[in-house]
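Engineer: Here it is, the structure in full.
The values are calculated or read from the model by the stated rules, or taken from the named source; none is laboratory data. From a predicted model like this one, the values you see are computed outputs, not experimental measurements. Every residue, glycine as well, gets a Cβ built from its backbone with ideal geometry; the counts of neighbours run over all protein chains shown.
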Amino acid sequence: MLASGVQLDVGSRTRAILRAEHIKIEGLSPLSFQVGGGECLALEAPSGAGKTRLLRALADLDPSTGRVFVDGAERSEMPATAWRAMVRYVSAEPAWWTGTARDALPAKKDQQTRAVRIVSALGLTPADLDKDLATLSTGQRHRLALARSLVDDPRVLLLDEPTTGLDPASAALVEELIRYRLLSGSIVILASHDAALRQRLARARLQIGKRPPPQQSAFRAQP
């Protein structure tokens with residue numbers, strides 16, 4: 001259950017497909033995989049093997065070669081800002097450039113309203129949006145950053161350690177929110193050291209950090 005019985009809209013939406021073809025980042029063999037709407041793909045690799053770099057490359061934040069598509073639209077065919085509005089990377093160590101979380105939100109009324117619903121679902125209060133971020137705990141800022149990432153409803157979520165540093169109750173709320181996003185048809189690619197979290201959320205796994213055997217060029221995730 002989300003915090004305090006909060007209800008979020010999980011209405012129908014066209015289910016997207018993310019497809020990566022021979023995406024290559026420094027130090028890793030090329031990877032090809034596909035993830036459908038409503039599915040979670042877990043990245044599995046030792047620390048430092050490249051999970052974060054892969055997520056950032058998918059979001060067009062770090063350089064890579066290869067091709068990435070969402071519903072047939074290729075990453076290289078649109079401005080980076082438009083791609084990142086659709087394919088959203090949520091960092092394990094989110095940064096803030098504003099004094100309050102509300103200052104970092106879009107000004108549109110519907111997105112402000114959505115932000116209130118999301119922070120409430122994460123066990124925070126609407127007042128937390130207006131508090132000086134420097135006075136909040138790391139866990140509160142982490143959850144506010146997740147809410148910030150969701151207010152404009154991106155189709156693809158690239159989650160880098162979304163429950164790290166959270167107490168068990170807060171981590172459970174974050175996990176439940178991810179489930180709601182999956183129910184709404186979002187694509188989730190998850191990097192987490194929490195094997196139990198990966199087991200509960202992901203229907204497919206992608207091993208990275210190792211070169212594939214000669215008989216295969218890459219791993220294709222299957223739901």
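Engineer: Scan the range 151-164 and report the pairs whose first residue is modelled with pLDDT under 95 and assigned to a strand (DSSP E or B) and whose second residue is aliphatic (A, V, I, L, M) and buried (at least 20 other Cβ atoms within 10 Å of the Cβ), with Cβ atoms within less than 7 Å and a gap of 6+ or a chain change.
Structural biologist: none
Engineer: For the range 147-182, give me the residue count where each residue is touching a strand residue (DSSP E or B) at 6+ places or on another chain (Cβ under 9 Å), surrounded by 21 or more Cβ atoms within 10 Å (Cβ to Cβ) and of a type in the set (S, T, N, Q).
Structural biologist: Total meeting the criteria: 0.
Engineer: I've got another one for you. Considering only the range 114-130, how many residues are in contact (Cβ under 8 Å) with a residue 12 or more places away in the chain, hydrophobic (A, V, I, L, M, F, W, C) and assigned to a helix (DSSP H, G or I)?
Structural biologist: Step one: filter the range 114-130 for residues in contact (Cβ under 8 Å) with a residue 12 or more places away in the chain, giving 114-124, 128-130.
Filter once more, so that each one left must be hydrophobic (A, V, I, L, M, F, W, C): 115-116, 118-119, 121-122, 124, 129.
If we keep only those that are assigned to a helix (DSSP H, G or I) too, we end up with 115-116, 118-119, 121, 129.
Count: 6.
Engineer: Taking the conditions exactly as written (out of contact with any Pro (no Cβ under 8 Å at 6 or more places or on another chain), in contact (Cβ under 8 Å) with a residue 60 or more places away in the chain and basic (K, R)), does R179 satisfy them or not?
Structural biologist: No.
Engineer: May I ask you to list the residues in the range 108-134 that are in contact with a Ser or Thr (Cβ under 8 Å, 6 or more places away or on another chain) and among the charged types (D, E, K, R)?
Structural biologist: First pass over the range 108-134, keeping only residues in contact with a Ser or Thr (Cβ under 8 Å, 6 or more places away or on another chain): 119-120, 122-123, 126, 129-133.
Scanning the range 108-134 gives D130, K131, D132.
Engineer: Taking the residues in the range 165-206 that are within 19 Å of T138 (Cβ to Cβ) and either of a type in the set (D, E) or part of a loop (DSSP other than H, G, I, E, B) (or both) as candidates, determine which candidate is modelled with the lowest pLDDT.
Structural biologist: Applying the first criterion (within 19 Å of T138 (Cβ to Cβ)) to the range 165-206 yields 165-175, 177, 191-194, 197.
Pick out the ones that are also either of a type in the set (D, E) or part of a loop (DSSP other than H, G, I, E, B) (or both) and you get 165-167, 175, 192-194.
On the way: G165: 89, L166: 95, D167: 95, E175: 97, S192: 95, H193: 92, D194: 94.
If we take residues in the range 165-206 being within 19 Å of T138 (Cβ to Cβ) and either of a type in the set (D, E) or part of a loop (DSSP other than H, G, I, E, B) (or both), then G165 is modelled with the lowest pLDDT.
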